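The structure appears below as structure tokens.
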Amino acid sequence: MSTQPRRIIAVHDLSGYGSGSMTTVLPVLAAAGFEVCPLPVAVLSAHTGVPGFTYQDLNSIWSEWLAHWRATLDRVDYIYTGFLSAPGQIKQVLDFAAAHPEAMLIVDPVMGDHGEIYPTYTPELCDAMAALTAHAELLLPNLTEGCRLVNLPYPASERPNWPFIRLLLTKLHRAGARQIVLKGISLHPADLPPELASRAKHRGEHLSNFIVGKDANLTVITHPRLPISVDGSGDFFAANVIAKLYGPTAPTPSVGSNDSAKRLTASVLYAIRLTMTALRQTAPEREEYGLDFIPVWSNVLQTQSDSALFPDEDITITHIRDFTCE
Ligand code: PXL
């Protein structure tokens, strides 16, 4: 068995102030035992939620950088993309992936939140992101991003009903991503599938994560919504799904599909627990800075078993067969 660490290319921006993107992804994946090779997309003085942020995309240095990597890196295990700054970058990511057919592509299509697309994103960039997702082994959108990727209108009051989610997941799946985690959805009480409707207490003040595994079945994990929403939580969540699913302690990625669907669900559950814990210890006045996750990860490093890490939460898991429509 190879003793080389799993090598992951982390394609994210570097924001100087505020938790999120590279400053979150890099420590989480490095602490999880990956060899992380950062490919910076852009440098910002602060994330785009902080008024007056400066922004410089790093497109112009990518060709030489990637040519050097092509000549230097013998193997790449994972390519993990987040915030991107130009359609040309997406073409370069796809070319690099084609030169490394052994690498698995993981796409967090970081484009927006709460129905708003980030100000640095042009319509062409959003369309290019949609093209990238067709190649993804794992896709991790929020509702805003999912809707934009398949050109569905963002639901009124951020609360989609089940037929809408079903259509959205069907479209995302048909567009090509093999596994999908649609995260942080506040479901509308009307028209829920029977499996979810029976859990009346999970409406409204709860969030649901919809997981489409390789077997094309759907698992829904529902958990309480905490009264705080800060930047960086989505990046922390995605990095933890990846850490758990593909990190050095996980089995090699070639295992059978049923087992891998179970592992995807387990990794989402783990990431939910960690994100909730980090949100709980982030003070509301730190909203602009974003998620305080370092103490939570220090705890992870000192504790062997997941179940010993965090107290049981009010979390439910529901399986739904044949979610596709049309
Ligand atoms: O956390 C997602 C993210 C990533 N990168 C930049 C951002 C944001 C969220 O606001 O502004 C630059």
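The values are calculated or read from the model by the stated rules, or taken from the named source; none is laboratory data. Note that the coordinates shown come from a computational prediction; the quantities given were computed from them, not determined experimentally. Please note: Cβ atoms are built from the backbone with ideal geometry, for glycine as well, and neighbour counts cover all protein chains shown.
So which residues in the range 1-28 are within 20 Å of residue 93 (Cα to Cα) and in a helix (DSSP H, G or I), if there are any at all?
Applying the first criterion (within 20 Å of residue 93 (Cα to Cα)) to the range 1-28 yields 6-14, 21-22, 25-26.
Scanning the range 1-28 gives 21, 22, 25, 26.
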Return yes or no: is residue 48 buried (at least 16 other Cβ atoms within 10 Å of the Cβ), of a type in the set (Ser, Thr, Tyr) and either under 25 Å from residue 301 (Cα atoms) or near the ligand (Cβ under 10 Å from one of its atoms) (or both)? yes
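Restricting attention to the range 286-304, report how many residues are modelled with pLDDT of 70 or more and more than 30 Å from residue 53 (Cβ to Cβ). Walk me through it before giving the result.
Filtering the range 286-304 down to residues modelled with pLDDT of 70 or more leaves 286-303.
Imposing the further condition that a residue be more than 30 Å from residue 53 (Cβ to Cβ) reduces the set to 299-303.
Residues that pass the stated criteria total 5.
Please count how many residues of the range 7-44 are over 19 Å from residue 74 (Cβ atoms) and either under 15 Å from the mean Cα position of the chain (by Cα) or within 16 Å of the ligand (Cβ to nearest atom) (or both). Before you say what the answer is, go through the steps one by one.
Of the residues in the range 7-44, the ones over 19 Å from residue 74 (Cβ atoms) are 11-33, 40-44.
Okay, now just the ones that are also either under 15 Å from the mean Cα position of the chain (by Cα) or within 16 Å of the ligand (Cβ to nearest atom) (or both), so 11-29, 40-44.
Matching residues across the range 7-44 total 24.
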Is there any pair linking a residue in the range 135-156 that is of a type in the set (Phe, Trp, Tyr) and at pLDDT 95 or above to one that is crowded, with 24+ Cβ neighbours inside 10 Å and outside any loop (DSSP other than H, G, I, E, B), with Cβ under 9 Å and at least six apart or on different chains, and which? 154/143
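For every residue, the table says whether it meets (1) within 29 Å of residue 319 (Cβ to Cβ); (2) within 14 Å of the chain's Cα centre (by Cα); (3) among the β-branched types (Val, Ile, Thr).
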position	(1), (2), (3)
97	no, no, no
104	yes, no, no
107	yes, yes, yes
118	no, no, no
142	yes, yes, no
154	yes, no, no
162	yes, no, no
167	yes, no, no
183	yes, yes, no
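For (1) at pLDDT 85 or above; (2) in contact with a strand residue (DSSP E or B) (Cβ under 7 Å, 6 or more places away or on another chain); (3) away from the ligand (no atom under 16 Å from the Cβ), each residue gets a yes or a no:
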site: 173; (1), (2), (3): yes, yes, yes
site: 180; (1), (2), (3): yes, yes, yes
site: 185; (1), (2), (3): yes, yes, yes
site: 196; (1), (2), (3): no, yes, yes
site: 200; (1), (2), (3): no, no, yes
site: 203; (1), (2), (3): no, no, yes
site: 210; (1), (2), (3): yes, yes, yes
Being at pLDDT 95 or above, in contact with a strand residue (DSSP E or B) (Cβ under 6 Å, 6 or more places away or on another chain), aliphatic (A, V, I, L, M) and away from the ligand (no atom under 13 Å from the Cβ): is that true of residue 66 here? no
Looking at (1) modelled with pLDDT under 95; (2) within 17 Å of the chain's Cα centre (by Cα); (3) of a type in the set (Ser, Thr, Tyr), can you tell me which one residue 48 breaks? (2)
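Matching residues to (1) among the small types (Gly, Ala, Ser); (2) surrounded by 20 or more Cβ atoms within 10 Å (Cβ to Cβ); (3) within 14 Å of the ligand (Cβ to nearest atom):
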| residue | (1), (2), (3) |
| --- | --- |
| 87 | no, no, no |
| 92 | no, no, no |
| 95 | no, no, no |
| 106 | no, yes, no |
| 112 | yes, yes, yes |
| 116 | no, no, yes |
| 122 | no, no, no |
| 135 | no, no, no |
| 138 | no, yes, no |
Residues satisfying the stated conditions in the range 56-94, i.e. farther than 29 Å from residue 3 by Cβ and among the β-branched types (Val, Ile, Thr): 61, 90
